[in-house]
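The structure appears right after this line, and notes come after that.
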Amino acid sequence: MKAPVSWMRELADLPASAGVNDIAAAVAGVGFEVAGIEGDVIDFEITANRPDCLSVRGLAREAATAFAVQGPESRVQGLPAVARGAKVGPESEVPVTIESELCGRYALALADVTVGPSPAWLADRLTACGIRPINNVVDVTNYMLLEMGQPMHAFDVARLAGPEIRVRMARAGETLTTLDRQARTLDASMLVIADGARAVAIAGVMGGAASEVSAATTRIALESAWFQPATVRATSKRLGLKTEAAARFERGADLEAATAGLVCALDLLERIGAGHRVGRITDRFPSPGAARTITLLRAHLDRLLGDQVPDADVMRILTSLGFVVTPAHTDWHVRVPSWRVDVAREADLIEEVGRHWGVNRVPATFPALRTAPHRADAGVLRARRIRRLLCGAGLQEAVTFTFIEHVAAEPFAGGPASLVTIANPLSEKFAVLRPSMLPGLLDALSYNRRRDIADVRLFEAGSVFSMQGERQRVGWVLSGSRLVHWSQPAAEVDLFDALGVAELLADAFGVTCRFEPAADAPWCVPGRVASLFVDDGGASRRVGIVGQLLPSLTSARGLPAGVTVVAGELDLHELHGTDAALQRVTPLPRHPSVQRDLSILIDAGLPAAAVRGTIRASAPATLVDVREFDRYHGTGVPTDQVSLSLRLTFRDRDRTLTDVEVQQAVEAIIEALARTHGTTLRGN
Amino acid sequence: MTPMAASSIEDLSRQFRAALDAASSPADLKALRDDFLSRKQGRVTALVKSIATAPPEERRALGSMANALKQEIEQALDARDAAMLATARPKDTVDVSLPARRPWVGRRHPLTQVRERVEDIFMAMGYQVVAGPEIEDDWHNFEALNMPAAHPARDMQDTLYLSSPVPAPDNARAATLLRTHTSGMQIRHMEAHDPPVRIIAPGRVYRRDNFDATHTPMFTQVEGLVVDENISLGDLKGTLNAFAEEFFDAKVATRFRPSFFPYTEPSAELDVECQGCSGRGCGLCKHTGWIEILGCGMVHPAVFEAVGYDANRYTGFAFGMGIERLALRLYGVDDIRMFYENDLRFLEQIAL
């Protein structure tokens, strides 16, 4: 809202010593941010709750209160001359009928006019406030809109059928060409002003071109009304038509300003010699309500502000803002002025006092802690641990968008029907909610790769979405070299690096995991993808998938051919397990362990897990560890077989094992392997 | 014992010590050993031989002095030999200026670092950190926060809606939108807990905003809420001043400006003195000397009524801050998109 300071000074006794910048700062200090200052004109930002300050009068009122001087409400002003002779009554040459309760008040006056240009001072003020002068009649309505915040509209009576005014709902499909020369198709939810035949204005939004005031106009019907905010807002939104009038009505205009504004507008018409009123003013006001009165308790004022504003200041501030204050013992009964549509309860009054007393004057205190603080949510702490763990393990945390492209999401979704889509996306790039952490991470990896950063290890923990709901997951992608150093050849990351991240996470949450080949991850290279299972008291839960991404997928996201990307993702809800930090330790062994190495030839297709299982099943409890240390196929090994070397560690808690018993255990293992898998010892 | 003979032994000892100090290599030590102890020309050997010519009554004393000198020299040479061997340069030396083999290490994202910094400050003040869903229902995001349907304040946050509702667990309201602020967590927490309340709720929020240097459709907020008997605007000021001081690690001037949020009354915005110019005015603060960092206010009684709190008995304050805005300040970044590109050349400049 642009307000010339000279205009504000007409309405409030602002100190002559206060310059434009001082006035801007003072009004900003009570809640109206200054967007800019140009010469004498201050552009204030008006928050959605203060339609009364979409007017010079409203801003003058705030400025007067801020400077503690006489303002529009306290200055005695004579009624405009025209008002003295005006009779307000139901009779008029242009009858007014309100057919919808969405119109709360409708005032109409007729005036004979001589249409022409406005005087320079008036045109200049409009221009300064960003409104283009049109002709003296239209300019008068806009002047009143700016000064009082009351939108008005002038119809050419000669172009009204009847002439009469009906405030009614539009008929479905009814059309109206508005002042901006756009043909609008209306619907039955929209309130219109109609004459005897058709709609002539969209109520509170814009008038029609057909009944517009022109050079030929000699008699006008001047409308000053009140429309329900929600209907103006809905209509303005549906038509995509934002106007100065709609901005005021949709936030809540002043019910009392309808007639007051009309009287002032007629006075101004006469003052500039543009015309004069004819007949009575019509005022349709179906259900005038009583002004709201709120009790403000001193105890509540002190409690909420944490400061004691003196009685005199409470009175001064509220009165200057137009409230009618009646002291009652230590408290106050406060009548709310009609233009303060935002003030509905005691807290609103406390804000008024606080804002003009000065929030910065309130002494800073600190709230007492009366109960023991609670520790952070488990999910928050879990995410923190994951981030520290994975950063420590050499992965960089990424932050990617929650909404992604449909094509990027689809390969990772359980099916197109499970994708959560956005009804009003900003663009195709932000159309669906991510079903997995991986598409975003893959794009981040690709972004870096395209900038010649080859070695990328990223992770992100966050929400993923499906039609089943929101879940927390952690995902990671690895690509490039595992280690780059001048002393040795670079080695590319492979699936086992990605699997290792999963193991590390499971370990951190105190759960034991195992991998099994997965067949239901279409985004991975077949045969290079594993499901991660956690065994929990007999039940086995799948908690994640780790695999090598399909080359077709990586190239679709802009990665060059031949770049291997391994990735994994875990569901954090399934990792609740136990808090590893609370796990008890096992006592350290007091007796030496014995190690035996075993090299066996197995079928190439036999999983290492099966070999380990057989070994464990056939070994005594003294076998504490089985670990593969070599896997070889090539010269000396039949083509369909591999040589697997394992290190077996035996140990007893209570005594030192003898060579003989270890030897017996190893032989039993070899025998079981041969029987179960047909393995042979290598070299035998 | 003639003074002559005794003094020549002392001379020899002095000469040896001077030569030993000057020796700097194994070869020097070898030469020194030959010079003093060689069987043929050694100077100590010669001295011992010369004792035979001394008067008989002095020979015994001179003999033991010469022996002591010989032992002293031998021990000193052995010790130096051992010391030189210990510090000798092996053949296969390492060029320490070659690049080291660095362990893998990653960094937390700058937005995470700022967010955790904020969390840590409030945790130390006794706040519970809570988390909630990013897809929300209309009640928690708007209605309960004193923003009924068709409320003009809904325009302040252009909302992204889901094409079809996503069912919520435990038969609660289905999610219909992406939360536009973390304020919904105020409602969720108060619905489930009685006062006193002292929480912060960090998380992602979404608006239908363009993606450019200063806007992003997704950003990170931290919501704060304190509810108890007799919580005042003064308490809000004290808390946020303490936060600003901790966060910026300096005594910073703050300023509260009245503002409007539907769910707080009174409402305010907190400005801190611009760090770029110490309040004198610069491009960073648009020449105002102040940077706006958060919105705050006293909880609106309608919000208490929505969650079933006694609005006469309890008062409270709430605040919400944008992590990106703080991060831009902290890292001196001028394009918000850098936080979402995940460019390693940027991320690797952030503190470990």
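The values are calculated or read from the model by the stated rules, or taken from the named source; none is laboratory data. Only a predicted model underlies this, so the values are computations on that prediction, with no experimental measurement involved. Here Cβ is always computed from backbone atoms with ideal geometry, including for glycine, and neighbour counts include all displayed protein chains. Surface areas here come from the heavy atoms of the whole protein model, side chains and all, with no ligands, DNA or RNA. Shrake-Rupley method; radii C 1.70, N 1.55, O 1.52, S 1.80 Å.
Numbers below:
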item: Residues of segment A:314-333 classified as in contact with a helix residue (DSSP H, G or I) (Cβ under 6 Å, 6 or more places away or on another chain) and within 16 Å of A:His356 (Cβ to Cβ), total; result: 5
item: Candidates A:Leu438, A:Leu395, A:Leu445, A:Leu419, filtered to the one that is touching a residue at least 60 places away in the same chain (Cβ under 8 Å), crowded, with 18+ Cβ neighbours inside 10 Å, out of contact with any Ser or Thr (no Cβ under 7 Å at 6 or more places or on another chain) and more than 8 Å from every other protein chain (Cβ to nearest Cβ); result: A:Leu438
item: Selection within segment B:296-310 - part of a loop (DSSP other than H, G, I, E, B) and more than 42 Å from the chain's Cα centre (by Cα); result: B:Gly308, B:Asp310
item: Segment A:403-447 - residue that is within 23 Å of the chain's Cα centre (by Cα) and among the polar types (S, T, N, Q) and, of those, farthest from B:Tyr161 (Cα to Cα); result: A:Ser436
item: Failed item, numbered, when B:Thr112 is tested on (1) surrounded by fewer than 19 Cβ atoms within 10 Å (Cβ to Cβ); (2) facing chain A (nearest Cβ under 7 Å); (3) under 19 Å from the mean Cα position of the chain (by Cα); result: (1)
item: A:Leu426 vs. criteria open to solvent by 40 Å² or more (accessible area, probe 1.4 Å) and facing chain B (nearest Cβ under 10 Å); result: yes
item: Wholly enclosed strands (runs of 3 or more DSSP E) of segment A:113-196 bearing at least 1 residues touching a Lys or Arg at 6+ places or on another chain (Cβ under 8 Å) and closer than 30 Å to A:Leu59 by Cβ; result: A:191-194
item: All positions within segment A:636-649 that are open to solvent by less than 50 Å² (accessible area, probe 1.4 Å) and part of a loop (DSSP other than H, G, I, E, B); result: A:Val637
item: Selected residue [outside any strand (DSSP E or B) and in the same structural domain as A:Phe401 (by TED's automatic domain parsing)] from A:Arg451, A:Arg457, A:Arg473; result: A:Arg451
item: Odd one out for A:Arg384 among (1) basic (Lys, Arg); (2) over 30 Å from A:Glu574 (Cβ atoms); (3) surrounded by fewer than 22 Cβ atoms within 10 Å (Cβ to Cβ); result: (2)
item: Residues of segment A:47-79 satisfying the condition of being more than 14 Å from chain B (Cβ to nearest Cβ), at pLDDT 90 or above and assigned to a loop (DSSP other than H, G, I, E, B); result: A:Ser55, A:Ala68, A:Val69
item: Within segment A:281-376, helices (runs of 4 or more DSSP H) holding 2 or more residues that are within 14 Å of chain B (Cβ to nearest Cβ), open to solvent by less than 50 Å² (accessible area, probe 1.4 Å) and not hydrophobic (A, V, I, L, M, F, W, C); result: A:298-305, A:346-357
item: Checking A:Phe496 against (1) open to solvent by less than 50 Å² (accessible area, probe 1.4 Å); (2) modelled with pLDDT of 90 or more, the condition it does not meet; result: (1)
item: Single residue of segment B:263-284 satisfying the filter (touching an Asp or Glu at 6+ places or on another chain (Cβ under 9 Å) and assigned to a loop (DSSP other than H, G, I, E, B)) that is surrounded by the most Cβ atoms within 10 Å (Cβ to Cβ); result: B:Gly279
item: Which numbered condition B:Met147 fails, given (1) outside the structural domain of B:Arg198 (by TED's automatic domain parsing); (2) over 39 Å from the mean Cα position of the chain (by Cα); result: (1)
item: B:Leu62, sole failed condition from (1) touching a residue at least 12 places away in the same chain (Cβ under 8 Å); (2) within 20 Å of B:Arg33 (Cα to Cα); result: (2)
item: Check on B:Phe142, of a type in the set (A, V, I, L, M, F, W, C) and either outside the structural domain of B:Glu246 (by TED's automatic domain parsing) or within 23 Å of B:Leu352 (Cα to Cα) (or both); result: no
item: 2 or more residues within 11 Å of chain A (Cβ to nearest Cβ) and surrounded by 23 or more Cβ atoms within 10 Å (Cβ to Cβ): qualifying strands (runs of 3 or more DSSP E) within segment B:121-225; result: B:175-178, B:197-206
item: Some residue of segment A:523-543 being open to solvent by 20 Å² or more (accessible area, probe 1.4 Å), over 25 Å from A:Ala610 (Cα atoms) and at pLDDT below 90; result: no
item: Unique match (being within 10 Å of chain A (Cβ to nearest Cβ) and in a strand (DSSP E or B)) among B:Phe317, B:Phe339; result: B:Phe317
item: Any pair with Cβ under 8 angstrom, 6 or more apart, that starts in segment B:263-281 at a residue that is at the interface with another protein chain (Cβ under 10 Å from one of its Cβ atoms) and hydroxyl-bearing (Ser, Thr, Tyr) and ends at one that is open to solvent by 30 Å² or more (accessible area, probe 1.4 Å) and assigned to a strand (DSSP E or B); result: B:Ser267/B:Phe261
item: Residues satisfying the stated conditions in segment B:45-87, i.e. within 12 Å of B:Leu29 (Cβ to Cβ) and of a type outside the set (D, E, K, R); result: B:Ile73, B:Ala76, B:Leu77, B:Ala79, B:Ala82, B:Ala83, B:Met84, B:Leu85
item: Residue within segment A:548-555 that is part of a strand (DSSP E or B) and under 34 Å from the mean Cα position of the chain (by Cα) present; result: yes
item: Leading residue by the ranking (nearest to A:Val205 (Cα to Cα)) among those in segment A:230-245 that are within 11 Å of chain B (Cβ to nearest Cβ) and more than 24 Å from the chain's Cα centre (by Cα); result: A:Val232
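Conditions (1) open to solvent by 60 Å² or more (accessible area, probe 1.4 Å); (2) among the acidic types (Asp, Glu), marked per residue:
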residue: A:Arg616; (1), (2): yes, no
residue: A:Asp630; (1), (2): yes, yes
residue: A:Gly634; (1), (2): no, no
residue: A:Arg651; (1), (2): yes, no
residue: A:Asp654; (1), (2): yes, yes
residue: A:Leu657; (1), (2): no, no
residue: A:Val662; (1), (2): no, no
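Conditions tested, residue by residue: (1) assigned to a strand (DSSP E or B); (2) under 40 Å from the mean Cα position of the chain (by Cα).
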| residue | (1), (2) |
| --- | --- |
| A:Arg514 | yes, no |
| A:Ala519 | no, yes |
| A:Gly544 | yes, yes |
| A:Leu559 | no, yes |
| A:Ile602 | yes, no |
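Residue-wise test of (1) under 31 Å from the mean Cα position of the chain (by Cα); (2) under 17 Å from B:Glu292 (Cα atoms).
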| site | (1), (2) |
| --- | --- |
| A:Asn21 | no, no |
| A:Val34 | yes, yes |
| A:Val41 | no, no |
| A:Glu45 | yes, yes |
| A:Pro51 | yes, no |
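Every residue, every condition in (1) open to solvent by 30 Å² or more (accessible area, probe 1.4 Å); (2) within 14 Å of chain B (Cβ to nearest Cβ), yes or no:
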residue	(1), (2)
A:Ser463	no, yes
A:Gly469	no, yes
A:Leu483	yes, yes
A:Asp520	yes, no
